[in-house]
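The values are calculated or read from the model by the stated rules, or taken from the named source; none is laboratory data. These numbers come from a predicted model, not from an experiment. Cβ: placed from backbone, ideal geometry, glycine included. Neighbour counts: every protein chain shown.
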């Protein structure tokens, strides 16, 4: 993405609409600090071409990001990250990660005890 090493993908077979996939990935990059305030996003046309989606799909994603205060569209500079979302507390980020892990485990049919063992091992390695 426009000079950054971010990877945006769209799965057209997914139940989640393409614009939401784009919006959520960019929002996640902003939340994680991987897209700093002032970072310019690709033009709608360029990102749409890269992803193989309609320009209107990217326009909707950008509009929702702008409504959330994460980006601003400006005539001369294009769409830039505003960093408008307040930092998410560490515990809340971890809760979201745990929720994602639980959903992935359930979708993969992995037993909860196995997931807990994996997390405990990861925590032990992190010490």
- Query: Within the bounds of the stretch 81-104, is there any residue that is closer than 17 Å to residue 32 by Cα, outside any helix (DSSP H, G or I) and touching a strand residue (DSSP E or B) at 6+ places or on another chain (Cβ under 7 Å)?
  - Reply: yes
- Task: Considering every residue within the stretch 23-31, establish whether at least one is assigned to a loop (DSSP other than H, G, I, E, B) and surrounded by 14 or more Cβ atoms within 10 Å (Cβ to Cβ).
- Result: no
- Message: For the stretch 1-12, give me each residue that is at pLDDT 90 or above and over 20 Å from residue 45 (Cβ atoms).
- Response: 11
